[in-house]
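The values are calculated or read from the model by the stated rules, or taken from the named source; none is laboratory data. Here the structure is a predicted model, which means the values were calculated and not measured. Ideal geometry is used to build each Cβ from the backbone, glycine not excepted, and the neighbour counts take in all protein chains shown.
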């Protein structure tokens, strides 16, 4: 347990490195279950969720080691694997459910506890199970655990009711070793899907169309271990863009890819934040108060729901009124009460938040309810008078490597303390 102490400071200046994508690396780690041998992943962030996934793989009999330089992982999958994901690990991270597809593909069986992770409304895994059933898997449920078996997975056409990222990933990893051709229609289009497909293709899979709404997978008999570099984290990049939008200044996000954030950058541009891609990343500058805009979350290439908390923090200090609509998850406005404690003028109406910007927030003790909301509360402290203390830092540390340190490196007055708040 820890807490962030945030005080307003000068305009932000300098450069900050953007680490590997949390929402990609966890799935790549799961995909190593598909091939015996040693895989190497580079650009792996030091975050709690990676450590949880390491523990999960180790519990199955996989060997996981950090490289000496700290920038990568060596993951060795042996022939003897226990295809079981225990509750004490799965309940800490919802992304653990993506071991279901590769375990079925490689071993024809899996025993996985129902997932936990961030609590912002119901996120059923029905689409995962329906898609895998179409490939030939059979499921039973007892005592909060999914028992899965498949004598043989057979390629087929799967039409997803919603372009679920997790369902697309599970289907993709199961289909690469299935017999015949699988077509996933209405597939998720996120950059992380394309990164997973690139990893699988390096292993010897035959996947085309990743990054579009139709993915075709021709099953192969076996895969081989490979090396792969994880794409940069677009949500971390968005968080630092919001930081400079709130505090003002000029920064360079090293390694960030603007082509993964087109819709977000368009919205930020409407608010008055200037950005430009560079040879080494993304430049951003902000001066003066931002303008309010309306925002709706949508599947990629729309504005990601993970961006929304930092956008709400920005709108809390912008000039005008912005309406933020959440189209993906119920109850993902739970952090708004914490912003209101800081003086934000926000009213929730169903799945809409009406945000009337104020010139300055007021520092207060607040609590981080999840990864992105916790980061947003830290950023809100940059635009508040006095001191803001954000407790339950472990949520933020699940998705951000040295968040306080990176903010300090560009001039923010933010510290992480392990002593009682």
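See the values below:
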quantity: Odd one out for residue 84, checked against (1) modelled with pLDDT under 95; (2) outside the structural domain of residue 307 (by TED's automatic domain parsing); (3) over 22 Å from the mean Cα position of the chain (by Cα); calculated: (1)
quantity: Test for residue 35: is it modelled with pLDDT under 95 and within 22 Å of residue 153 (Cβ to Cβ); calculated: no
quantity: Number of the exception - residue 364 against (1) farther than 30 Å from residue 259 by Cα; (2) in contact (Cβ under 8 Å) with a residue 60 or more places away in the chain; calculated: (2)
quantity: Residue, nearest to residue 403 (Cα to Cα), within the range 231-251, restricted to residues that are part of a loop (DSSP other than H, G, I, E, B) and under 13 Å from the mean Cα position of the chain (by Cα); calculated: 233
quantity: Yes/no for residue 224 being surrounded by fewer than 18 Cβ atoms within 10 Å (Cβ to Cβ) and either outside any loop (DSSP other than H, G, I, E, B) or not assigned by TED's automatic domain parsing to the domain that holds residue 32 (or both); calculated: no
quantity: Only listed residue being touching a strand residue (DSSP E or B) at 6+ places or on another chain (Cβ under 7 Å) and under 16 Å from residue 110 (Cα atoms), chosen from 44, 64, 58; calculated: 58
quantity: Residue that is nearest to residue 373 (Cα to Cα) [pool: residues in the range 192-220 that are out of contact with any strand residue (DSSP E or B) (no Cβ under 9 Å at 6 or more places or on another chain) and surrounded by fewer than 24 Cβ atoms within 10 Å (Cβ to Cβ)]; calculated: 211
quantity: Of residues in the range 117-128 being closer than 18 Å to residue 373 by Cα and either out of contact with any helix residue (DSSP H, G or I) (no Cβ under 6 Å at 6 or more places or on another chain) or outside any loop (DSSP other than H, G, I, E, B) (or both), the one modelled with the lowest pLDDT; calculated: 120
quantity: Boolean, residue 105 is at pLDDT 95 or above and either over 24 Å from residue 135 (Cα atoms) or assigned by TED's automatic domain parsing to the domain that holds residue 171 (or both); calculated: yes
quantity: Matching entry among 160, 172 (being buried (at least 23 other Cβ atoms within 10 Å of the Cβ) and touching a residue at least 24 places away in the same chain (Cβ under 8 Å)); calculated: 172
quantity: Count - residues of the range 3-31 that are outside any strand (DSSP E or B) and crowded, with 19+ Cβ neighbours inside 10 Å; calculated: 14
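Residue-wise test of (1) in a loop (DSSP other than H, G, I, E, B); (2) touching a strand residue (DSSP E or B) at 6+ places or on another chain (Cβ under 7 Å).
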{"residue": "327", "(1), (2)": "yes, yes"}
{"residue": "334", "(1), (2)": "yes, no"}
{"residue": "340", "(1), (2)": "no, yes"}
{"residue": "378", "(1), (2)": "no, yes"}
